Amino acid sequence: MRNHHVFIKSIATKAAKWLSERDTLTLVLERVRQFPMRVSLMSYGRLEVAVHRTFGLVGSKTLRGFVKFIALCTPISLVKFIPRGLSSICSSYALGSANDKNRIQIWLKNIEDAPAYRKVFIHRKLHFLFQDSSEDQFLHILEEMFKNPDQRVFVNEWIYFNLNQQHVIDHLKKSKLRLEGEKGEQSDYRIRYLPDHTKHMGHLGFLYLYSQYYGARDPSRTVAIWPHLAPNSFYLTKVIEHAPLNFKLMPKESWAIPIHEDQKDTIMMSRVKEFCWRFEPLVAAGTAQEFPEFDIQETSLLMPDLASHDTSEQALASIGFDPNRWFVILHVKEDKLGYAVSGETRDASVYEYIDACRIVRDLGGQVVRMGSPSFPKLSRNFPAVDYAHSSIRTDYIDYWLWANCLSWVGNLNGASTAVIPFGKPRLITNQWPFDSNGPSKDYVLPKFAYSEKKKRYLTFNEAVEGRHGRSMNRSLLEKNGIKLVNNPPGMIAQSLLELISSKGTLKVDFKSTKIDLELYSATKTPLRTPRMTLTESYRETYQNIQNEK
């Protein structure tokens, strides 16, 4: 009880200090002003989930009824008088629910010319055209839209998360050839601007990999980044201190200044030298390019921070962590409402990992669950320390956990990349879309794709080549007869045991099995590049379901 009061007092003190540094009325007005815009930029599905979280099922049903009535019943002649914010929400609802193509296009037309809704408009227009056009027609539309420099970034984003692997790579290769054929705006290519590499936690991991690649090949290169965007400033500081490159820290006010394509490296492509570009690890699958940056030498790893060691241990001990026992990190991306009712194709339920956590406990270790407070809370009997929902979450403790864990297990999320610089062996579970590129000490367990039309499970190659082979939209896959099946809890537990037993060593005695080679072939992963492997438990299950044909 005393700790509870201390915590409340601490929060109250921080809040009072924060408010004292601001004009309270201005702060409140700013939040009120921003709220409608933030809501209107959401897709209808995300907005409904947010309302469900906050107001429960009744609130969610009320919202659904209101939006349905406005989106489907407003006379078309009156749509143009509806405010853009409400039009944005209605366009999303109509796109997922209406068969009236004319109505969908009119809702989209209402937000077309508003700069604040530019990204939303382009993404929803592409979703509409994707469902309404033949494959050849749609690819032609993409090419035409991509020619517009103002649309290019948004088109790229949509393509990456919605088209299959082959179409994504075909598009990226065309972009690469176009960049290689253009004469640069600057004579010194060694100064590179990286506007994307500090936006998200996973992007910071890619920044580390970028620095490893170019530090070995172009150590005089200077990279300009925007530190104010970083979700973990402590982590970014350590990357900068350790990186074999020169960093230029850009001020916040420079973020809006346009940068020519030739001057910036993105998390998809970077410029090696004049007229020569390469793909970055984010888009590795399907490129057939080698990624030596995944082969991280011991001397290049990020090291534990000694200055914050005692403070981190003490704080973790206050939520049930035992400093005298080894530990494994569990990070499973999942919507707060639970995977059964919401979330993306790459998500999973944390309760599918409970058997794996019990194995760690029985072996004398412990599990620390990391992630966001928006993830579902763990039940009291779940054998893990729920750091994600604790009051001690800080940047430096996140860093301490990654630096000191025995291994990492979870699904695809930003943290799955952020942990790479520490050299900890990973178990990538429930992977979708497929990608076998990564450190050689890691294991990967792709999801299984079942075709309702063919009445059987698809091979790796069939899943990758399907029209929706990279889609993050679960309902879209289901509408097209593809059901994604998660890794069974027993397989995850057995695979984690294999990972722990390997003690994080490189699998130098490993001989690629036919199933591993099938995955490498589907993802076009060269056998000379660092690559993850399947576990024995996964291979056995995959072989069994393929034999059921």
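Hey, among the residues in segment 385-424 that are of a type in the set (A, V, I, L, M) and assigned to a strand (DSSP E or B), which one's surrounded by the fewest Cβ atoms within 10 Å (Cβ to Cβ)? Here the answer is V385. Candidates are the residues of segment 165-194 that are surrounded by fewer than 20 Cβ atoms within 10 Å (Cβ to Cβ) and in contact with a Lys or Arg (Cβ under 7 Å, 6 or more places away or on another chain); the one that is modelled with the highest pLDDT is R190.
Given the condition in a helix (DSSP H, G or I), free of Cβ contacts under 8 Å to residues at least 12 places away in the same chain and over 32 Å from the mean Cα position of the chain (by Cα), answer yes or no: does some residue in segment 97-114 qualify? No, every residue in segment 97-114 fails to be in a helix (DSSP H, G or I), free of Cβ contacts under 8 Å to residues at least 12 places away in the same chain and over 32 Å from the mean Cα position of the chain (by Cα). Return yes when T311 is at pLDDT 95 or above, hydroxyl-bearing (S, T, Y) and over 22 Å from the mean Cα position of the chain (by Cα) and no when it is not. Here the answer is yes, as T311 does meet what is asked. Evaluated against (1) in contact (Cβ under 8 Å) with a residue 12 or more places away in the chain; (2) more than 24 Å from the chain's Cα centre (by Cα), S471 falls short on exactly one condition, (2). Just one of the numbered conditions (1) buried (at least 21 other Cβ atoms within 10 Å of the Cβ); (2) of a type in the set (F, W, Y); (3) modelled with pLDDT under 95 is not true of Y538: (3). Across segment 461-478, the qualifying residues are those that are buried (at least 20 other Cβ atoms within 10 Å of the Cβ) and in contact with a helix residue (DSSP H, G or I) (Cβ under 7 Å, 6 or more places away or on another chain), and the one among them that is modelled with the lowest pLDDT is H468.
R456 passes every criterion in (1) surrounded by 14 or more Cβ atoms within 10 Å (Cβ to Cβ); (2) closer than 30 Å to P421 by Cα apart from (2). Of the residues E253, E293, the single one that is over 25 Å from A415 (Cβ atoms) and outside any loop (DSSP other than H, G, I, E, B) is E253. Mind listing whichever residues of segment 282-300 are among the aliphatic types (A, V, I, L, M) and buried (at least 17 other Cβ atoms within 10 Å of the Cβ)? Across segment 282-300, the qualifying residues are L282, V283, A284, A285, I296. Scanning segment 347-375 for residues that are crowded, with 21+ Cβ neighbours inside 10 Å, in contact (Cβ under 8 Å) with a residue 60 or more places away in the chain, in contact with a Phe, Trp or Tyr (Cβ under 8 Å, 6 or more places away or on another chain) and not hydrophobic (A, V, I, L, M, F, W, C) yields a total of 1. Inside segment 373-397, residues that are of a type in the set (K, R) and more than 20 Å from L337 (Cα to Cα) make up a count of 1.
The values are calculated or read from the model by the stated rules, or taken from the named source; none is laboratory data. Predicted model only: the values in this text are computed from it and were never measured. Every residue, glycine as well, gets a Cβ built from its backbone with ideal geometry; the counts of neighbours run over all protein chains shown.
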